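Coordinate-derived values only; no laboratory data. It should be emphasised that the depicted structure is a prediction, and the values quoted were computed from it without experimental measurement. As a convention, Cβ positions derive from the backbone with ideal geometry for all residues, glycine included, and neighbour counts pool all protein chains shown.
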Amino acid sequence: MIRRVALVAFASVVLLFYIPFLALGYYVTGGGELKMPSLSMVTTTFLLAALTAVVSIAVAYPAAYYLAKRGSELEFALVTAPLWVGTLLKAYSLLVLFAIVKERTGLALWGTAAGVLLGMVYEYVPYALLTLYAAIEKLSESPVNAARVLGASRLQAFLRVELPLSMPGVAAAFILVFLFAMGEVIMPAVLGAWKVYTFGSYVWDLYFKARDFFSGSVLSLILAALSLLATYMVVRTIRSLSL
Amino acid sequence: MGLSVELKDVAVKYGDFLALKNINLHVEAGEGLVLLGPSGSGKSTLLRAVAGLTPVASGRVYIGGNDVTYLPPDRRKISMLFQDLALFPHLNVFENVAFGLRLRHLPDEEVRKRVVWALELVRLDPAQFMSRRVHQLSGGQQQRVALARALVVEPEVLLLDEPFSHIDLDIKNRLLGELKILHNKLGFTLIYVTHDRFEAVEIGDKVALMKAGEIVQVGKPVELYKRPKNRFVAEFFGEANIIPASLLGAGRGGYAVVRPEDVVIGNNPTYKFRGQVIDVTFLWHYLKVEIQSNGHIFKAYLDLETPISVGDAVDFGFDAKDVYLVEE
């Protein structure tokens, strides 16, 4: 049942969004020539997305853990507050922050991969946090207590019991953030100043600058396929580590 | 083997609620004590206070004579079996049992030897079960794994929080029997929480009966049974006929406790009643008979061959030596 639903959902996405563009693009360009992205661009995109997911999870995990164990509603609302602000607004506010940082410390973040990463982490931490919170919150106390009476310190009980048991949540958070980050356009554009050039930026340029709808739609399909493959592999790895 | 456990004036609070008040308890080294009581009486809280899982608001906890009141659970030389078992779902049977040993950084060979020993102790075939996932096991097998995991670290004190409450009666009885044998063999001190008096007498050298966060009476099962401190003990620890003492002409208020097996038909007992039989139940080695008389329902355990049936009018009663008076 669930498999059928998933297939239908995926097929409808492909049919509704990609095929028309593909056909339109082919017509407009009169047979068209596929302009492939460079390998370095693909690598940058993958690394950036993976790093964004990993850093977001690393930042969000302790916060989610705290909120799940003894956080108040107010703290919860405050931590997820960045979700209320639009991505573009966040990007430009970070730009201001980068300018201040540069003036005070001489550290240049605008136009660097680090700057883009920072922006993307800022953008996606709340998503990771919500996903991890849901996973940690439903963990039972008793395996931890069992570990404690068997001689585990608080830290050992966390590392050997709670962390492995929350791995499904980590996997879910990874998928969510990684997929968003793979298609990210705004942060690389604004914070990377087109110097950090990603797959998403390239597709954007193909559509809106080169008006090459054919290459643009084919490449978005390829991007979707690559993301799917990467997600599949990551989830399989994480699952084999825990449950 | 085994360490004594002692609680002095222990109180535990959950927010404003006083879950335990003024608990004083002494468990000898190697002794088996059962904490018995209705739900909400504080028996699990008391066990958690001994384990160090629940902080005490006041008072002291001693294990083996050492003050452990502020020691974390991992430094109390205890082991515990939880009501929901709390097996680690991400580990197989071997790693579940080995958990406590791994924390002690024992060499692999030693870990293996001890896990096999523990699994054999609880009658699980190591070869067959070691690599299974815990969710592939039956309820009884999971109980055994949990027990092996608790015993493999050779605890001085074993705490059990209603560990057998969710399994079939037959398996429960078998596990109780095995636990008792292990207790005798390994010599650890045992504290067992239950709300079931049948389990309590199965396992306990001593029983502490709790109510509303307090220990009402501690003693050998026979003491609680024959000399209950009050009505509550008499009713909770075995079946009892409890009637106002005035009914027997024993003046000064209070109640008289008479156990059903001491109620006789005819035979000229000291206290005589006449009543009507309202229920007769066959219970394997006796008949449980309920007799209505003077607005009270008396329970009597009678010989299986007793010629009695519902509706009969009978003379019955009990002897003065079988009456125990309680104040409240």
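On the basis of the beta-carbon distance and an R0 of 56 Å, A:Lys209 and B:Arg112 show a calculated FRET efficiency of 0.30. Okay, which of the stretch A:190-214 sit inside 16 Å, backbone N to the point 7 Å along the Cα-Cβ direction of A:Leu39? Answer for the stretch A:190-214: none.
Here's how it looks for B:Gly42: its modeled amide H is under 5 Å from those of B:Gly213, which are all 5 or more places away or on a different chain. Loop only by DSSP, 13 or fewer other Cβ within 10 Å of the Cβ. Give me the GluC sites (Glu not before Pro) in the stretch A:129-203 that pass, ordered by residue number. Those satisfying the criteria are A:Glu141. Highest mobility in the GNM of chain A, judged by mean-square fluctuation with C-alpha springs under 10 Å and restricted to A:Phe214, A:Phe158, A:Phe199, is found for A:Phe158. Counting only alpha carbon atoms, the long axis of helix B:108-121 and the longest principal axis of chain B meet at about 20°. Scalar couplings 3J(HN,Hα) for the stretch A:93-100, obtained by applying the Karplus form with A = 6.51, B = -1.76, C = 1.60 to θ = phi - 60°, are 5, 5, 4, 4, 4, 4, 4, 5 Hz; x denotes Gly and Pro. In loop segments of the stretch B:37-95 as defined by DSSP, the chymotrypsin sites (Phe, Trp or Tyr not before Pro) with at most 12 further C-beta atoms inside 10 Å of their C-beta are B:Tyr70.
Counting only DSSP beta bridges whose two residues both lie in the protein assembly as shown, roughly 75 percent are antiparallel. Restricting attention to the stretch A:43-241, lysine pairs at least eight places apart or on different chains and with alpha-carbon atoms under 23 angstrom apart total 5.
When the alpha carbon gyration tensor of the stretch B:240-326 is reduced to an equivalent ellipsoid, the three semi-axes, largest first, read 22, 13, 11 Å. For B:Ser58, the amide hydrogen comes within under 5 Å of the amide hydrogens of B:Ala11, counting only partners 5 or more places away or on other chains and with H modelled in the peptide plane.
For the pair B:Lys220 and A:Val234, label points projected 7 Å from Cα toward Cβ lie 6.8 nm apart. Among A:Ser12, A:Ser166, A:Ser93, the residue with the largest mean-square fluctuation in a Gaussian network model of chain A, with springs joining Cα atoms closer than 10 Å, is A:Ser12. Shielding value for A:162-175 is 1, the average number of Cβ atoms from other chains within 10 Å of each residue's Cβ.
This ranking places B:Asp322, B:Asp125, B:Asp161 by how few other beta-carbon atoms lie within 10 Å of each, fewest first, which gives B:Asp125, B:Asp322, B:Asp161. Rounded to the nearest 0.05, what FRET efficiency do A:Tyr92 and B:Arg132 have when you use their Cβ-Cβ distance and R0 = 51 Å? The computed FRET efficiency comes out at 0.35. Here the stretch B:72-102 and the stretch A:166-243 have alpha carbon centers that stand 42 Å from each other. Relative contact order (percent) for the stretch B:168-241, with alpha-carbon contacts under 8 angstrom and 6 or more residues of separation? Once divided by the residue count of the stretch B:168-241, the mean separation gives 19 percent. Model label points for A:Val8 and A:Leu159, set 7 angstrom from Cα along the Cα-to-Cβ axis, are 4.8 nm apart. The separation of the stretch B:260-302 from the stretch B:21-50, counted between C-alpha centres, amounts to 35 Å. Comparing B:Arg123, B:Arg48, B:Arg60 in a Gaussian network model of chain B where C-alpha atoms under 10 Å apart are linked, the largest mean-square fluctuation is found at B:Arg123.
Applying Stokes-Einstein at 25 °C and 0.890 mPa s to the Kirkwood radius of the stretch A:1-152, computed over alpha-carbon pairs, gives a translational diffusion coefficient of 123 µm² s⁻¹.
For peptide B:71-77, the mean count of partner chain Cβ atoms within 10 Å of a residue's Cβ comes to 5. Once the Cβ-Cβ distance of B:Asp303 and B:Leu248 is raised to the sixth power relative to R0 = 25 Å, the FRET efficiency obtained is 0.50. Near A:Gly169: Cβ cut-off under 15 Å, other residues only, Lys/Arg at +1 and Asp/Glu at -1. The net charge is +1. With respect to chain A, whose longest principal axis is taken over its alpha-carbon atoms, helix A:39-70 is tilted by about 30°. Listed values for the stretch B:179-188 are Karplus-derived 3J(HN,Hα) couplings in whole Hz (6.51 cos²θ - 1.76 cosθ + 1.60, θ = phi - 60°), namely 4, 5, 4, 5, 4, 5, 6, 8, x, 5, and x replaces Gly and Pro. Each Lys or Arg adds one and each Asp or Glu subtracts one; over the other residues with Cβ under 14 Å from the Cβ of B:Val68, this totals +3. Taking other residues whose beta carbon is less than 14 angstrom from the beta carbon of B:Asn184, and scoring Lys, Arg as +1 and Asp, Glu as -1, yields -2.
The stretch between B:Leu283 and B:Glu120, if pulled fully straight at 0.36 nm per residue, gains 55.0 nm over its current Cα-Cα span. In plain terms, if you count all Cα to Cα distances in the protein assembly as shown and split them into 10 Å steps from zero, the share in each step is 3, 13, 17, 16, 14, 13, 10, 6, 4, 3, 1, 0 percent. Listed by chain and number, the aspartates and glutamates whose C-alpha is less than 19 Å from the C-alpha of B:Lys226, apart from same-chain residues fewer than 8 away, are B:Asp196, B:Glu199, B:Glu202, B:Asp205, B:Glu235, B:Glu239, B:Glu261, B:Asp262, B:Asp319, B:Asp322, B:Glu327, B:Glu328.
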